[in-house]
């Protein structure tokens with residue numbers, strides 16, 4: 001039952017996003033990204049609980065709502081600056097060091113902070129991090145784990 005619920009929510013989200021005939025707006029992109037991150041977070045928080053499926057479904061819904069609001073206000077330059085800042089922070093700073101970005105055109109800004117560094121058994125370095133984005137006077141926070149790829153970039157783990 002839970003697997004069917006999760007699959008149904010994911011398929012519905014994919015159809016909604018994939019059904020667009022034009023390129024998705026930044027608001028739609030934000031909602032989709034928020035849904036994915038919310039689902040991952042819901043799954044992690046619900047791990048080991050009988051209602052894990054509901055936790056994932058609620059994570060997807062709330063993630064989509066938050067992502068929709070952020071995406072409505074973040075432009076492409078904001079996303080590029082935030083991504084570059086996170087890559088720099090993960091690659092070049094020590095745990096606890098805060099790096100920041102700001103888009104002078106939109107006034108939006110944010111920060112990234114690596115919080116812990118671990119090495120997988122295969123030797124791959126991974127870092128836990130927190131991010132903060134200020135858009136239109138409102139602050140949104142997030143966290144995750146990223147691992148270094150063979151090409152030197154950092155990929156957020158799902």
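The values are calculated or read from the model by the stated rules, or taken from the named source; none is laboratory data. Since the structure is predicted, the reported quantities are computational estimates derived from the model, not experimental observations. Note: ideal-geometry Cβ built from the backbone for every residue, glycine included; neighbour counts use all protein chains shown.
When you go through 83, 97, 146, 116 one by one, which is the residue that is crowded, with 17+ Cβ neighbours inside 10 Å and not assigned by TED's automatic domain parsing to the domain that holds residue 63?
146
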Sort through 112, 64 and tell me the only one that's at pLDDT below 80 and closer than 19 Å to residue 157 by Cα.
-> 64
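Is it true that some residue in the range 121-134 is over 17 Å from the mean Cα position of the chain (by Cα), in a loop (DSSP other than H, G, I, E, B), in contact (Cβ under 8 Å) with a residue 24 or more places away in the chain and surrounded by 10 or more Cβ atoms within 10 Å (Cβ to Cβ)?
Yes: one or more hits.
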